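**Student:** Pasting a structure below so you can have a look.
The values are calculated or read from the model by the stated rules, or taken from the named source; none is laboratory data. What you are looking at is a predicted structure, and each value in this text was computed from that prediction instead of being measured. FYI the Cβ positions are ideal-geometry reconstructions off the backbone, even for glycines, and counts take in every protein chain you see.
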Amino acid sequence: MKLPARLLLRALRSLSWLVFPTLLSAQTPADLIVTNGLVLTMNDRREVLEAGTVVVKDARIVAVGPREIASRYAAAKTIDARGGIVMPGMINTHTHAAMTVFRSLGDDVPDRLRRYIFPLEKNLVDRELVYWGTLHGAMEMIEGGTTTFANMYYFDEEAFRAVKQIGSRAILGATIVNFPAPDAPEPYGGLANGKKFIAAHRGDPLITPALAPHAPYTLDAAHLREIARDAAALDVPVLMHVAEMTEEMELLRKEHNQTPIEFLDAVGLLNRRLIAAHCIFVTDSDIALLKQSDAGVAHNMVANIKSAKGVSPALKMAAQGVRVGLGTDGPMSGNTLDVLGQLGYVAKLHKLTARNRTLAPSVDIVELATRGGARALHREADLGSLEPGKLADVIVFDADATNLIPNYDPYATLVYAASPKDVRTTIIHGRVVMEDRKLTTIDATEVKARVRALQKKISAAVAAGVK
């Protein structure tokens, strides 16, 4: 008997769940799902999802949405955020990670750079110190929710080895100075080191090699022009201390009748490749040049106020369209490497200096630590927010931390109440590098033991007069 077409269609529909069960219930493959958290996307609309989900595949975010979307995906691992804050990893736009081994030396003394830092580096910095110090610094950053950092130091191959081992994301710059350095016996030898390092590691998915001229007062104009030409030819970032010292301002005014920003513009370094750390002493015309050049600025509030240098007009720069992110500086300067610890200082000091408590809303400060940092590094296409297509750098805060309860405004909670120890989980490039406060890629106990051994060596050298 031949069934009417409409009855045949109805019969097929009723049997479809038996005939095509896999097709109807298929889930999209994924690598990782983070769900059930208060998701701060930091996207253009600053969307907040009360019980949200972030889905990761092949190191990138493939979906962000309400908790229900998790059921559409089949992942090898699911992390239940249990109401904790889920947000993009924070970005440290300026540091010297290996200097964790010198932390607390030379505090509260004048001329620390020349009395302590340069002599200690000349006599003690070697491959071993840079490897273990960088590993230690990267460990501290991961524990505090920092997933990307821009680093200037020596022996970049050792820094590279440490960062790759722990699984962090970094820009690593070879320091260039006008005197012999730990990894370059001749002045300006860091430039050759940097070019060799760039050739060896260009295209690495986690680490971007860079050039790092120390400062306008430690390099001459001819070498700065050469660095500008090399950076342009290689198309690599340039990391540099800029407009940080009163002596720097006086020297450049005396020798060139220019501000540091004007001087860098004249030698060809003020462009989209530059990430200028500090920028404390900048004029309105300097800010206009920074905006016009598309350079990035690393605002290191804690290090700057600890050294009594001043408060950079960073918020003014950001308001005028300059690419501004946050940095910690090195652990001899700011002592800690967590960007989270910068947030409250940035908000409070800018409010105080302007005598305006409405200045620096919390959401803007959190944005400086995430999207702002990505923009300062010219990585906003990949980093800084939780959006499909971006790299999967995600952190999760503890929902049960005493100091995070109650949480009426998550941005204010992060800026004024949160601690680095409240970060429970850190994900970089889709890889869980810390879960429930336990680092998954390195032996943290060994790293601490190695740094304690270096401390004994350094203490003996200081006692013997190396400072």
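**Student:** Only one of 224, 211, 251 is buried (at least 22 other Cβ atoms within 10 Å of the Cβ) and at pLDDT 95 or above; which?
**Tutor:** On inspection, the qualifying residue turns out to be 211.
**Student:** Restricting attention to the stretch 273-317, and to residues there that are among the small types (Gly, Ala, Ser), in contact with a strand residue (DSSP E or B) (Cβ under 7 Å, 6 or more places away or on another chain) and in contact (Cβ under 8 Å) with a residue 60 or more places away in the chain, which single residue is nearest to residue 110 (Cα to Cα)?
**Tutor:** 277
**Student:** Somewhere in the stretch 64-77, is a residue surrounded by fewer than 16 Cβ atoms within 10 Å (Cβ to Cβ), under 15 Å from residue 426 (Cα atoms) and either at pLDDT 95 or above or not basic (Lys, Arg) (or both)?
**Tutor:** For the stretch 64-77, residues surrounded by fewer than 16 Cβ atoms within 10 Å (Cβ to Cβ), under 15 Å from residue 426 (Cα atoms) and either at pLDDT 95 or above or not basic (Lys, Arg) (or both): present.
**Student:** Within the stretch 239-262, is even one residue touching a residue at least 40 places away in the same chain (Cβ under 8 Å), in a strand (DSSP E or B) and of a type in the set (Val, Ile, Thr)?
**Tutor:** Looking for residues that are touching a residue at least 40 places away in the same chain (Cβ under 8 Å), in a strand (DSSP E or B) and of a type in the set (Val, Ile, Thr), one finds none in the stretch 239-262, hence no.
**Student:** For the stretch 420-440, does any single residue satisfy the condition of being small (Gly, Ala, Ser), crowded, with 16+ Cβ neighbours inside 10 Å, out of contact with any strand residue (DSSP E or B) (no Cβ under 6 Å at 6 or more places or on another chain) and at pLDDT 95 or above?
**Tutor:** Pass one, the stretch 420-440, residues small (Gly, Ala, Ser): 430.
Right, trim to crowded, with 16+ Cβ neighbours inside 10 Å and you get 430.
If we keep only those that are out of contact with any strand residue (DSSP E or B) (no Cβ under 6 Å at 6 or more places or on another chain) as well, we get none.
No, the stretch 420-440 has no match at all.
**Student:** If you don't mind, another one. What are the residues in the stretch 247-299 that are within 17 Å of residue 227 (Cα to Cα) and of a type in the set (Lys, Arg), if any?
**Tutor:** Of everything in the stretch 247-299, those that are within 17 Å of residue 227 (Cα to Cα) and of a type in the set (Lys, Arg) turn out to be 272, 273.
**Student:** Take residue 396 and decide whether it is out of contact with any Ser or Thr (no Cβ under 8 Å at 6 or more places or on another chain), surrounded by 21 or more Cβ atoms within 10 Å (Cβ to Cβ) and aliphatic (A, V, I, L, M).
**Tutor:** So residue 396 fails the test.
**Student:** Given the condition surrounded by fewer than 24 Cβ atoms within 10 Å (Cβ to Cβ), modelled with pLDDT of 95 or more and not small (Gly, Ala, Ser), answer yes or no: does some residue in the stretch 113-123 qualify?
**Tutor:** Looking for residues that are surrounded by fewer than 24 Cβ atoms within 10 Å (Cβ to Cβ), modelled with pLDDT of 95 or more and not small (Gly, Ala, Ser), one finds none in the stretch 113-123, hence no.
**Student:** Say whether the condition of being of a type in the set (S, T, N, Q) and within 25 Å of residue 156 (Cβ to Cβ) is met by at least one residue in the stretch 256-275.
**Tutor:** Scanning the stretch 256-275 turns up at least one residue that is of a type in the set (S, T, N, Q) and within 25 Å of residue 156 (Cβ to Cβ).
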